[in-house]
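Before any comments, here is the structure.
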Amino acid sequence: MPTVKPRDDTKARDILAATLHEVERVGLAGLSIAAVARRAGVATGTVYIYFKNKEALIEALYLASKQELARLVFRDEGLPVRAAFSRMATAYLEYVIAHRADLVFIAQVANSPYVSEETRQTAAGGARPLIELIERGKRERLLKELDTTLMIAFLQGTLRELAGFAAAVPKARRAACFEQIATLCWDALKA
């Protein structure tokens, strides 16, 4: 009986990275499995070993991108609310600056038919530490009693917009800029 070669996680990651680059280059409508395979350095058939079709590939990339965002930004390290808030705001700014293509991809796909409701729910779970932080801040009367979803939307929009400003600041002064932005966000939401 022939043995089946196990799937290679590195190859799957390479295919996802190639997909992100291709979407950045040609958009979702122009995305082809053949171009992804070329960029990943694999045969076209290899992509289909890992992903059933183009839709499954896009959905997998969406979930992987959202999980990476959550891993890098939304970590609960047991800090006091203000310190954790500042750390998450700074981490989000760093993420936005370093991962523009990921954010554009996430925004394009978030409300598309490429992503199932189950995948949306799984991806949304990554923000749980931020939700819990805001809820803790409200319980401790440090943050305003506003709808948590509204507060997150405010933070996301503000930080994403100010990341462009922060990216233009010389690296030697960037940490101070990040702290100022985190303070602006905190001051807007504090009780």
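Structure values in brief
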{"quantity": "Pairs beyond 22 Å (Cα-Cα), from Lys11/Lys54; Lys11/Lys66; Lys138/Lys171", "calculated": "Lys138/Lys171"}
{"quantity": "The stretch 1-108: relative contact order in percent, alpha carbon pairs under 8 Å with at least 6 residues between", "calculated": "26 percent"}
{"quantity": "Compactness index (Cα Rg / 2.2 N^0.38 Å), the chain", "calculated": "1.19"}
{"quantity": "Solvent-accessible area per residue for the chain (1.4 angstrom probe, square angstrom)", "calculated": "56 Å²"}
{"quantity": "Cβ charges +1 (Lys, Arg) and -1 (Asp, Glu), total dipole of the chain, debye", "calculated": "340 debye"}
{"quantity": "Relative contact order (%) - the chain, alpha-carbon pairs under 8 angstrom, separation at least six", "calculated": "22 percent"}
{"quantity": "Net length gained if the chain between Glu55 and Gln180 were fully extended (0.36 nm per residue, minus Cα distance)", "calculated": "40.9 nm"}
{"quantity": "Cα gyration tensor shape for the stretch 93-148, rounded if a/c is under 1.5, else prolate or oblate", "calculated": "oblate"}
{"quantity": "Rough spin-label spacing in nm, given labels placed 7 Å along Cα→Cβ, for Lys11 and Ser116", "calculated": "2.4 nm"}
{"quantity": "Accessible surface of the chain [probe 1.4 Å, protein heavy atoms]: carbon and sulfur percent", "calculated": "56 percent"}
{"quantity": "Distance (nanometres) between label positions extended 7 Å along Cα→Cβ at Leu28 and Thr149", "calculated": "2.1 nm"}
{"quantity": "Counted charge near Met151, where neighbours are those whose Cβ lies closer than 12 Å (Asp, Glu -1; Lys, Arg +1)", "calculated": "0"}
{"quantity": "Candidates Ala84, Ala29, Ala43: whichever shows maximal mean-square fluctuation once the chain is modelled as a Gaussian network with Cα springs under 10 Å", "calculated": "Ala29"}
{"quantity": "Cα gyration tensor shape for the stretch 95-191, rounded if a/c is under 1.5, else prolate or oblate", "calculated": "oblate"}
{"quantity": "Alpha-carbon centroids, the stretch 165-191 and the stretch 121-157: separation in whole Å", "calculated": "19 Å"}
{"quantity": "Length released on extending from Arg38 to Glu132, taking residue separation times 0.36 nm less the Cα-Cα span", "calculated": "29.6 nm"}
{"quantity": "Overall form of the stretch 60-118 per C-alpha gyration tensor (a/c, 1.5; a/b vs b/c)", "calculated": "prolate"}
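The values are calculated or read from the model by the stated rules, or taken from the named source; none is laboratory data. The model shown is predicted, which means the values in this text are computed figures rather than measured ones. For neighbour counting, all protein chains shown are included, and Cβ atoms are generated from backbone atoms with ideal geometry for every residue, glycine included. The accessibility values were calculated without ligands, DNA or RNA, using every heavy atom of the protein model including side chains. Shrake-Rupley method; radii C 1.70, N 1.55, O 1.52, S 1.80 Å.
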